[in-house]
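Derivation of every value follows stated rules applied to the coordinates shown; laboratory data play no part. Keep in mind the model is a prediction, meaning the values are calculated, not measured. Note: ideal-geometry Cβ built from the backbone for every residue, glycine included; neighbour counts use all protein chains shown.
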Amino acid sequence: MLTKTQKVFLAIAAIFYTFAGILHFLRAAMYMRIMPPYVPWHLAMVYISGAAEILGGLGLLIPPLRRTAALGLVALLIAVFPANIYMATNPMEAGAGALSPIALWGRLLLQPLLIWWVLWSTKPSLTATRARM
């Protein structure tokens, strides 16, 4: 059982990932620019990661799939990390020249927070678990 706070953060995460996934299809060119050159099939990767975000976001809302969706989103966050590094180290090529270095490098620091967020918001709390017993 999740706490009320976890449910709120879970709903926000579900909306965030679903919307971000949809953007992969609506603004594919933007995402293709941040793909490192060594990654093959840029458009396919953008669509695959977008679909994974949508499925993960929606999966967070389905209790039996919630934890699996969270783990899938963690794997996705790790998989896209090289694109975030590429954007920070090659802002002009990645179409991020207008962003400050603090924003570009700060984005890298968000990854662990996003990972913690989906894991924490899908982990049953001890208090709620004990209350059920």
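A Förster distance of 22 Å, applied to the separation of the beta-carbon atoms of Leu119 and Lys4, puts the FRET efficiency at 0.75. By the count of neighbouring beta-carbon atoms within 10 Å, fewest first, Ile48, Ile78 end up ordered Ile78, Ile48. With 10 Å bins beginning at zero, the pair-distance distribution over Cα atoms of region 4-121 amounts to 14, 43, 33, 9, 0 %.
Using the Cα centre as the reference, give the magnitude of the dipole from point charges on the C-beta atoms of the chain (Lys, Arg: +1; Asp, Glu: -1; all else neutral), rounded to the nearest 20 debye. Please report the intermediate quantities before stating the final value.
Details: 10 positive and 2 negative charges, 130 e Å.
Here the size comes out at about 620 debye.
Projecting the Cα atoms of Trp116, Gly50, Ala29 onto the charge dipole of the chain (Cβ charges, centred on the Cα centre) puts Trp116 farthest toward the positive pole.
For a footprinting-style exposure proxy, rank Ser125, Ser100, Ser49 by other Cβ within 10 Å, fewest first. All intermediate terms of the calculation are to be shown ahead of the outcome.
On the way: Ser125 14, Ser100 10, Ser49 19.
By the 10 Å Cβ count, ascending, the order reads Ser100, Ser125, Ser49.
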